[in-house]
Amino acid sequence: MPFPLSSLPYGFRQRLRELATPVEAYQLQTAAPNFSGFQPLVTLNRSGYERQFIVDGLKSDSHYFCSRIPENLLIPLTGNELYLGQCLWLQYLKNIDRVVNHCFLSACKSLEFYRMHLNSTLIKKINANLTIQTINYNHDERPFLRIVTCTIDAEIIPIIYHTLFKHVGGVSWIDFPKDSNWLQDMMNNNVTGLHYLRLACKYREALNIDKTLFVKFFLAQAKDFKFVFERLCVWPDPHFKEKVHCLMSGNFAEVKNHPLESVRCVVFRESASDSSPPTFELLSDA
C-alpha cells in the first residue's frame, strides 16, 4: 500500500535521498516537489538532437564520450546529474549501473548495444529504466533500438521480446542469434506496433516459419511497418530465393517501385550480392 512521505522523519528523508540514485531521486522529487528533506535537486541535462553520446567500456564505464565535440569531451556520470541524450551508444560494457543511474533511456531517439554480452541482469536494468518517463520529454515517439554483434544468453531472447521491444518503435538486430522459433516467440510475447524490424543473421533457416503466422505478425504491427531480413554471407545461397518466394506466395506481391510509407512491406537481402533486393507488399486482402 502507498506510504505517506510526510510521515517520514526529516532525518529519514535525508537518508533516503542519500541512498537514492539520481534517477530514483528525480522520481522522488517529481512525486513530491519542494518536499523538505529530498534535496539536493537533480540537474537535468538535455543534449541537442545532433549529439551522439557513447559509453565505451574499453575507455570508461562511468563517462559519456561525445563523438561530435572537437575535444572529444569525457562527461562523468557522477553526482546529481541526469542526462536526456538523443542518441546513446553503449559498447563493450560489462557494468551498466552508471548508465541506468544517470540517464533516461526512454528519452533517447536511438539506443544501441554494441559488442556486449546481454544477460538477464542487464536486460532487467535496461527495462526498468525504459519504463521511467520524465515530465521534461514528449514520449510519444518511442526510441529506436540497435543490437549489433552482441553475445546473448539464449534463454533471455524471449525476455527481450517481452520487455525491451515493448518500449521501442523500431529494432535493428545485427548478427541475430540462431533462433528457429523467433516468430512464434515474438507472437507469444505480444510484439506489436513496430514500425521497423531488421534481422540480419547467418542462417537461412530463420525463414523456416509459418506463412499464416507471418501474416498475423505483420498485421499486428504499425500500418507503415517495414521488415528487413538480411542473410549475412560471403556467397549467395541458391535456396535463399526459393525460401523467399515460398514464404511470400499468396499473401505478398513483389513491387518494383519504392512502396508507399503507409504500406506494410518486407525486404529480403543477401549481403554478398543484393544491390537491389526484392521488396514485397502485404496484400490488402491477406
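The values are calculated or read from the model by the stated rules, or taken from the named source; none is laboratory data. On a predicted model such as this, the values are computed, not experimentally measured, just so you know. Ideal geometry is used to build each Cβ from the backbone, glycine not excepted, and the neighbour counts take in all protein chains shown.
Residue-level check: of (1) charged (D, E, K, R); (2) crowded, with 19+ Cβ neighbours inside 10 Å; (3) assigned to a helix (DSSP H, G or I), GLU230 misses just (3).
Listed here are the residues, each with its yes/no results for (1) out of contact with any Lys or Arg (no Cβ under 7 Å at 6 or more places or on another chain); (2) of a type in the set (Gly, Ala, Ser).
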residue: PRO177; (1), (2): yes, no
residue: GLN184; (1), (2): yes, no
residue: ALA220; (1), (2): yes, yes
residue: LYS243; (1), (2): no, no
residue: GLU254; (1), (2): yes, no
residue: VAL263; (1), (2): yes, no
residue: PHE268; (1), (2): yes, no
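Taking the conditions exactly as written (buried (at least 17 other Cβ atoms within 10 Å of the Cβ), more than 21 Å from the chain's Cα centre (by Cα) and closer than 23 Å to VAL168 by Cβ), does VAL215 satisfy them or not? It is true that VAL215 is buried (at least 17 other Cβ atoms within 10 Å of the Cβ), more than 21 Å from the chain's Cα centre (by Cα) and closer than 23 Å to VAL168 by Cβ.
In the set GLN39, GLN52, only one residue is at pLDDT 70 or above, under 22 Å from ILE96 (Cβ atoms) and touching a Lys or Arg at 6+ places or on another chain (Cβ under 9 Å); that residue is GLN52. Determine whether SER62 is in contact with a helix residue (DSSP H, G or I) (Cβ under 6 Å, 6 or more places away or on another chain), at pLDDT 85 or above and hydroxyl-bearing (Ser, Thr, Tyr). Yes; evaluated as a whole, the condition is true for this residue. Within the stretch 154-192, the set of residues being closer than 20 Å to VAL228 by Cα, part of a loop (DSSP other than H, G, I, E, B) and not acidic (Asp, Glu) comprises VAL168, GLY169, PHE176, PRO177, LYS178, SER180, ASN181, ASN190, VAL191, THR192.
Got a number for residues in the stretch 112-127 being in a helix (DSSP H, G or I), free of Cβ contacts under 8 Å to residues at least 40 places away in the same chain and closer than 17 Å to TYR161 by Cβ?
4
The single condition from (1) under 14 Å from the mean Cα position of the chain (by Cα); (2) of a type outside the set (D, E, K, R); (3) assigned to a loop (DSSP other than H, G, I, E, B) that GLN133 fails is (1).
Conditions (1) touching a strand residue (DSSP E or B) at 6+ places or on another chain (Cβ under 9 Å); (2) acidic (Asp, Glu); (3) modelled with pLDDT of 95 or more, marked per residue:
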position: HIS139; (1), (2), (3): no, no, no
position: PRO143; (1), (2), (3): yes, no, no
position: ILE156; (1), (2), (3): yes, no, no
position: TYR161; (1), (2), (3): no, no, yes
position: PHE165; (1), (2), (3): yes, no, yes
position: ILE174; (1), (2), (3): yes, no, yes
position: GLN184; (1), (2), (3): no, no, yes
position: MET187; (1), (2), (3): no, no, yes
position: CYS201; (1), (2), (3): yes, no, no
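Taken as a whole, the stretch 192-206 holds no residue that is β-branched (Val, Ile, Thr), out of contact with any His (no Cβ under 9 Å at 6 or more places or on another chain), farther than 26 Å from SER110 by Cβ and surrounded by fewer than 19 Cβ atoms within 10 Å (Cβ to Cβ). Taken together, the residues in the stretch 81-108 that are more than 22 Å from ASN119 (Cβ to Cβ) and either in contact with a Gly (Cβ under 6 Å, 6 or more places away or on another chain) or surrounded by fewer than 16 Cβ atoms within 10 Å (Cβ to Cβ) (or both) amount to 0.
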